[in-house]
1. Do any residues in segment 110-126 that are outside the structural domain of A153 (by TED's automatic domain parsing) and closer than 16 Å to V186 by Cβ have Cβ atoms under 7 Å from those of residues that are part of a strand (DSSP E or B) and of a type in the set (G, A, S), where the two are at least six apart or on different chains, and which pairs are they?
2. Of these, D212, D219, D257, which one is within 30 Å of the chain's Cα centre (by Cα), modelled with pLDDT of 90 or more and charged (D, E, K, R)?
3. Do we have F163 as buried (at least 16 other Cβ atoms within 10 Å of the Cβ), outside any strand (DSSP E or B) and of a type in the set (F, W, Y) here?
4. For the subset of segment 1-50 comprising residues that are among the β-branched types (V, I, T) and more than 30 Å from L81 (Cβ to Cβ), which member is nearest to the chain's Cα centre (by Cα)?
5. So which residues in segment 98-145 are touching a strand residue (DSSP E or B) at 6+ places or on another chain (Cβ under 6 Å) and more than 21 Å from R159 (Cα to Cα), if there are any at all?
6. Report whether or not L94 is farther than 23 Å from T63 by Cβ and out of contact with any Phe, Trp or Tyr (no Cβ under 7 Å at 6 or more places or on another chain).
7. Would you list the helices (runs of 4 or more DSSP H) that sit entirely within segment 13-113 and hold 2 or more residues that are modelled with pLDDT of 90 or more?
Amino acid sequence: MASGVTALVEQIERTRADLAAALSEPDAASDRTRYADLTRRFAGLEEAASLAARWRDADARATEARELLAEGDDDDIRALLREADGEVEVLEPLIRHAMVEPDPNDGRDVIVELRAGAGGEEAALFARDLLDIYGRYASSRGFQVELLDVSDADAGGLREATFAVKGKGAFSVFKHEGGVHRVQRVPATESQGRIHTSTATVAVLPEAEEVDVTIDQNDLKIDVYRSSGPGGQSVNTTDSAVRITHVPTGIVVSMQDEKSQLQNKERAMRVLRARLLEKAQAEQEAALRTTRRAHVGSGDRSEKVRTYNFPQNRVTDHRIGVSVALKEQVLQGHLSSLTDALQAEERRLLLEQQALS
C-alpha cells in the first residue's frame, strides 16, 4: 500500500463529502455564484471518486488475502492477492492523474474570436479557411457551432468572425487554439509562383454565465449604427448594429450580423461577459503564477503557435513539435492529433508541477 496514494484517496473522499454536505445545505442555492462553483467542483471529482472507490475495494481484497495467507498457504488465495495487487498498481497512477487540478473552465462552452492578421487579402482568405476548419472540427466532436458575427472581406475572405462552440468540454478542446496561426502558400493571383506568408489571430474565451460576471449597466456605453458589409456598403437600412464599451476596462464589443438590434446587443453582452471573465481570471493567475498560456499577440508574422505550409502539405504546432497532413487531415477538420497532443502536454506539465510541489 502506497502511503502517498492512500493520502490522495482520503483527500478525494474528504473533499467529495465536504462538497456534498455544502450542496445539501438548505440555503446553498441562494448564492448562485457559490452554488455553481460547488456544483462544478463536485462534478469534476466524479472520475477521481470512482477510481478511489475501486482502489479501496482492491486494497481491501489484497489486505484480506494477506491475512488469510498468514494463516496458511493457498494457491487460490495467492491468485486473488496477485489480482488485487495488480489492480492497485494499475489504479495508483490513474488516481494521481485524475487528481491533477483541471482548468476550471474546461467544461464550459467557448467563444472564439478569429481575425485576419498580416498579409492583406491572403490573410483574410486564411481566416476564412480557419473558420471552416473549426466548424468541421466542432461538428466532428459533436459540438454545436453558433455564428455570432462575421465581417466579410473582398475575394471571399473575412476580416473577423466571432462564434460560439457549445458542448461539454468545448473549452478544453479549443483553448489551445489561441494565438497566431501562420500560413505559407502561393496565392492564386501570384504569377511567379512565390510563396507568401500571412497570419490570422485566434482568441479563445470560456463563455461566462451571468452568475460569473457582474456588470453594472452604468458602466456600459452603448452605441447603435447601421451595419456595413465589404467595402462599406450598407447591409440594412436600420440602426441594428451595436457597439458596447465597458468603460472601466475599455473593452469594446461590436455586433452587426443580425438585423435585430436586440439580438446584436444580446450577442455583444455574451462576448463582453466572456472577455471580462477571461480578464479577471488572467489577473488572478498572474498573481499566483509567473507563466500563463500564450495570448494572441500583435499578429506579426514572427509570432506563431502553428504553421500551415501548403507547398509541403503539413501543419506544424510549434509548441509541441507535432506535424500532421494539411490537406488530408486539417483542411477536413481533423484536428484531434494536434489538440489531443496539446492536452497531453498540458497534463504532463501539471503532473510535473504537482510532483515538485
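1. none
2. Residue meeting the stated conditions: D219.
3. no
4. T39
5. Across segment 98-145, the qualifying residues are N105, R108, D109, A138, F143, Q144.
6. No: the conditions fail for L94.
7. 46-71, 75-98
Yes/no per residue for (1) surrounded by 17 or more Cβ atoms within 10 Å (Cβ to Cβ); (2) over 13 Å from the mean Cα position of the chain (by Cα):
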site	(1), (2)
E83	no, yes
D103	no, no
R115	yes, yes
G119	yes, yes
I133	yes, yes
R182	yes, yes
R185	yes, yes
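The values are calculated or read from the model by the stated rules, or taken from the named source; none is laboratory data. If you're wondering where the values come from, they're calculated on a predicted model, not measured in any experiment. Note: ideal-geometry Cβ built from the backbone for every residue, glycine included; neighbour counts use all protein chains shown.
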